[in-house]
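Trainee: Take this structure first; my questions come after.
The values are calculated or read from the model by the stated rules, or taken from the named source; none is laboratory data. A quick note: this is a predicted structure, and the numbers were derived from the prediction, not measured. Cβ placement follows ideal geometry from the backbone for every residue including glycine, while neighbour counts extend to all protein chains displayed.
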Amino acid sequence: MNRIRRLCALLLAALLLTSLLPAVSADSGTDCGAKLLALTFDDGPSIYTDGLLDELAARGVHATFFVNGVNASLYPDTLRRIVDEGHQLANHTYNHKELTSLSSDSIAREISAVQTLITEAGGDDPAYIRAPYGSINAAVRAAAPAPLINWSVDPVDWKYRNAATVRQNIVAGAHDGAIILCHDIHATSIPGALMAVDDLMAMGYEFVTVQELFYRRGVDPQPGVVYTSAPNNGVNLPAGQGGQGYFDETQLESHWGYAAMDFCMCRGWLEPDAEGRWLPDVWVTRQEFAAAFARFSGIQDLYPADLALQFTDVPADCVNAPYISWACGAGLIIGYPDSTFHPDDTLTREQMATILARYMQMRGVYAEGSVERYTDAARISGWAREGVGMCTELGLLQGAGGGRFNPLGRLTRAEIATILMRMAGE
């Protein structure tokens, strides 16, 4: 029992890792020549937002939506669509009050109320924040759990309710690395913005989310810091190299998780991708975790795949089917009521806590604990509360900063490698 408790105690401080992705070094000289713009929309969703999403999809353009809570609560399906179609869902507070006039507690409530809606829609937690009117002071910066995003191009579309004027103002102000402000609550703003998008794409500009703009420009955005643009200062990564999880693998030994990744790669618990990349900052999916955990436990790909193939979304040629089958048979990971497994969904912190709790119980360790210490306890799913409470009671989890647990926060390959290495007693 002592050995098992020691194993459990080593398991998982890694669940606490919530640091932002590392910035690419500005002296790397990486410059693909791209001219980047981030188009943002405030105050929605509205009756116009779905039509805007249709038009953005037709152009292959991704934007960032800073949603207002009063409106966002009325359009949950639109919020999910924003996330599902690759746009960035961000926070514009609940009541659109000028934050500099509020107390610190009120500022925090304005932000957290919208974060709940964003998280439920599958968006980032914490999501980027835009203060109403761009009004920011020390209290706002201190209360912000994420970067504060202002803008460098303002077409004043709320004032000039004329599509042609909105178009002209956007094009006239556009510059490489700019963040453009618009509003998807005005009927005239949307056609004006779309015409500007067409003009600027013809000029060679590429439209990206604010998050991707930062990644591709090597910017490591910090909570409470105000950003208005991301000019090319020596790092200008091409599409596909600057999105979620990018890390310059010529600098792998400098990554915080290098030792753990190397440990797991050498033992075959984690595997590189087809191009030989370690991908330390890429989020782990449910099937990838099942495979890594199974290999860690000595399971090989010859394990019978029958239990996995009962799920309607696990195809017969799924390379991870044997590992999914083992994890399900062991009772560590289960599917959904509609006979699906969601193999490509990213693994969440509450899922990880539940899996680890089940693993510990399988090894004869149990402790009853409470999740009420977390400020976001109400957002922990009912099925996960026991596992999160158990891991907390055993001292394995201490939250994600600010007293939160961040139940839907995602985990990277480097974080999973750290967990597996600690489980091995290293």
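Trainee: Across segment 268-293, what is the total count of residues that are of a type in the set (A, V, I, L, M, F, W, C) and farther than 15 Å from Arg413 by Cα?
Mentor: Result for segment 268-293: 1.
Trainee: I would also like to ask the following. Return a yes/no flag: does segment 45-55 have any residue that is of a type in the set (Gly, Ala, Ser) and either outside the structural domain of Glu253 (by TED's automatic domain parsing) or modelled with pLDDT of 95 or more (or both).
Mentor: Yes: one or more hits.
Trainee: Continuing with the same structure: Please verify whether segment 102-111 includes one or more residues that are in contact with a strand residue (DSSP E or B) (Cβ under 7 Å, 6 or more places away or on another chain) and either of a type in the set (Val, Ile, Thr) or not in a helix (DSSP H, G or I) (or both).
Mentor: The answer is yes; a qualifying residue exists.
Trainee: Looking for whichever is surrounded by 23 or more Cβ atoms within 10 Å (Cβ to Cβ), over 25 Å from Ala259 (Cα atoms) and at pLDDT below 90 here; the options are Pro407, Pro337. Which one fits?
Mentor: The match here is Pro407.
Trainee: Also: Condition check: surrounded by 15 or more Cβ atoms within 10 Å (Cβ to Cβ), modelled with pLDDT under 95 and of a type in the set (Gly, Ala, Ser). Does Gly122 satisfy that?
Mentor: Here the answer is yes, as Gly122 does meet what is asked.
Trainee: I'd like the residue in segment 184-211 that is in contact with a Ser or Thr (Cβ under 9 Å, 6 or more places away or on another chain), in a helix (DSSP H, G or I) and of a type outside the set (A, V, I, L, M, F, W, C) and, out of all such residues, is farthest from Leu52 (Cα to Cα).
Mentor: Gln211
Trainee: Pairs needed: first member in segment 100-124, outside the structural domain of Arg410 (by TED's automatic domain parsing) and at positive phi; second member anywhere, part of a helix (DSSP H, G or I) and β-branched (Val, Ile, Thr); C-beta distance under 7 Å; at least 6 residues apart or different chains.
Mentor: Gly122/Val83
Trainee: Right, something else. Give the residue that is farthest from Thr346 (Cα to Cα), with candidates limited to residues of segment 276-328 that are surrounded by fewer than 21 Cβ atoms within 10 Å (Cβ to Cβ) and among the hydroxyl-bearing types (Ser, Thr, Tyr).
Mentor: Restricting to residues being surrounded by fewer than 21 Cβ atoms within 10 Å (Cβ to Cβ) and among the hydroxyl-bearing types (Ser, Thr, Tyr), the top hit is Tyr303.
Trainee: Given the options Pro238, Pro223, name the one that is at pLDDT below 95 and assigned by TED's automatic domain parsing to the domain that holds Tyr128.
Mentor: Pro223
Trainee: Quick one: Asp344 ticks every box in (1) in contact with an Asp or Glu (Cβ under 9 Å, 6 or more places away or on another chain); (2) over 22 Å from Leu270 (Cα atoms); (3) of a type in the set (D, E, K, R) bar one, so which box is it?
Mentor: (2)
Trainee: Okay, moving on. Could you list, in sequence order, all residues of segment 410-426 that are among the acidic types (Asp, Glu) and at pLDDT below 80?
Mentor: Hit for segment 410-426 is Glu426, nothing else.
Trainee: Kindly check whether there is at least one residue in segment 380-391 that is touching a Leu at 6+ places or on another chain (Cβ under 6 Å), assigned by TED's automatic domain parsing to the domain that holds Leu307 and over 30 Å from Leu309 (Cβ atoms).
Mentor: Checked against the condition, which is being touching a Leu at 6+ places or on another chain (Cβ under 6 Å), assigned by TED's automatic domain parsing to the domain that holds Leu307 and over 30 Å from Leu309 (Cβ atoms), segment 380-391 yields at least one hit.
Trainee: Kindly indicate whether Ile170 is touching a Lys or Arg at 6+ places or on another chain (Cβ under 7 Å), assigned by TED's automatic domain parsing to the domain that holds Leu89 and crowded, with 17+ Cβ neighbours inside 10 Å.
Mentor: Judged against the criteria, Ile170 is not a match.
Trainee: Among the residues of segment 49-63, are any under 21 Å from Arg130 (Cα atoms), surrounded by 23 or more Cβ atoms within 10 Å (Cβ to Cβ), in contact with a helix residue (DSSP H, G or I) (Cβ under 7 Å, 6 or more places away or on another chain) and hydroxyl-bearing (Ser, Thr, Tyr)?
Mentor: No; the residues of segment 49-63 include none that is under 21 Å from Arg130 (Cα atoms), surrounded by 23 or more Cβ atoms within 10 Å (Cβ to Cβ), in contact with a helix residue (DSSP H, G or I) (Cβ under 7 Å, 6 or more places away or on another chain) and hydroxyl-bearing (Ser, Thr, Tyr).
Trainee: Right, another one. Do you know which residues across segment 375-391 are of a type in the set (Lys, Arg) and at pLDDT below 90?
Mentor: Arg379
Trainee: While we're on this one: Checking the condition under 20 Å from Val210 (Cβ atoms), more than 19 Å from the chain's Cα centre (by Cα) and among the β-branched types (Val, Ile, Thr), which residue from Val67, Val83, Val140, Val114 passes?
Mentor: Val140
Trainee: Can you tell me which residue is nearest to Thr64 (Cα to Cα) among those in segment 134-152 that are in contact with a Leu (Cβ under 9 Å, 6 or more places away or on another chain) and surrounded by fewer than 20 Cβ atoms within 10 Å (Cβ to Cβ)?
Mentor: Ranking the candidates gives Asn150 first.
Trainee: Can you go through Ser152, Ser106, Ser135 and tell me which one is in contact with a helix residue (DSSP H, G or I) (Cβ under 9 Å, 6 or more places away or on another chain), within 21 Å of Asp220 (Cα to Cα) and of a type in the set (Ser, Thr, Tyr)?
Mentor: After ruling out the rest, the residue left standing is Ser152.
Trainee: Quick one: Asp157 ticks every box in (1) over 25 Å from Arg59 (Cβ atoms); (2) outside any helix (DSSP H, G or I); (3) modelled with pLDDT of 95 or more; (4) acidic (Asp, Glu) except a single one, so which number is it?
Mentor: Of everything listed in (1) over 25 Å from Arg59 (Cβ atoms); (2) outside any helix (DSSP H, G or I); (3) modelled with pLDDT of 95 or more; (4) acidic (Asp, Glu), Asp157 misses just condition (1).
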